[in-house]
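Note sheet for the following structure.
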Amino acid sequence: MASPTVTTRRAVLQFATFALAGAGLTGCGFRLRGRQAFAFQRIAIQPHPGGAVAEELRRAFGPAVQVLAAKDPLTQAQLVLTVANEQREKIVVGVDSSGQVRELQLRMRVRLQLRTALGKDIIEGDDVAQQRDISYSESAALAKEAEEALLYRDMQSDIVQQILRLLAAIQPGQLD
């Protein structure tokens, strides 16, 4: 049985270890990601209603940024973001010896254009893409179809987060 001093010493060592680890993380600049701060207050997202990425992007902005409605004139926006060519692809990347599909790659890509309300291009035709690998089995086709839908939804959310980080990197001087 451990004596009270050994137990106390162990507790002090554990506390010191956690304190050092915490100090090390804060010393290196580690910080949990919070909400992004944007250099603009109003944005228009085209086309309206657009695809699933455009719709999720409209919902992703917090109260600090007003997303203009379809009826609002584009001149009210500080930025106009066009989310075009939303593509979903499914490519066979692995087959077995009898030619049966065993592995697929799911890809999702959107093309972005960002300009000011006055027409100055900030981003011209950049692609944002995600891909995921998925195994496939004929005997579990329905389950794999549901997994595929979940992976596409996950890629969509990742693309929206990438776009938000891209928009958060815009400096106020670029809005002129």
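Values for this structure:
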{"quantity": "Neighbours by Cβ (under 6 Å, 6+ apart or cross-chain): first from region 158-176, assigned by TED's automatic domain parsing to the domain that holds F61 and modelled with pLDDT of 90 or more; second acidic (D, E) and surrounded by 15 or more Cβ atoms within 10 Å (Cβ to Cβ)", "calculated": "V160/E56"}
{"quantity": "Candidate set from region 45-73 (those that are more than 19 Å from the chain's Cα centre (by Cα) and surrounded by 12 or more Cβ atoms within 10 Å (Cβ to Cβ)); member that is nearest to V128 (Cα to Cα)", "calculated": "H48"}
{"quantity": "Yes/no for R132 being surrounded by 16 or more Cβ atoms within 10 Å (Cβ to Cβ) and without any contact (Cβ under 8 Å) to a residue 40 or more places away in the chain", "calculated": "yes"}
{"quantity": "Some residue of region 64-82 being assigned to a loop (DSSP other than H, G, I, E, B), at pLDDT below 95, of a type in the set (K, R) and farther than 20 Å from L166 by Cα", "calculated": "yes"}
{"quantity": "Residue list for region 135-157, filter: charged (D, E, K, R) and exposed (fewer than 15 other Cβ atoms within 10 Å of the Cβ)", "calculated": "E138, E145, R153, D154"}
{"quantity": "Yes/no for V110 being buried (at least 16 other Cβ atoms within 10 Å of the Cβ) and either touching an Asp or Glu at 6+ places or on another chain (Cβ under 6 Å) or in the same structural domain as I45 (by TED's automatic domain parsing) (or both)", "calculated": "yes"}
{"quantity": "Cross-chain or 6+ apart pairs with Cβ under 9 Å, region 46-63 first and more than 17 Å from L166 (Cβ to Cβ) and modelled with pLDDT of 85 or more, then part of a helix (DSSP H, G or I) and among the small types (G, A, S)", "calculated": "P47/A54"}
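The values are calculated or read from the model by the stated rules, or taken from the named source; none is laboratory data. Keep in mind the model is a prediction, meaning the values are calculated, not measured. Neighbour counts run over all protein chains shown; Cβ positions are idealised from the backbone, glycine included.
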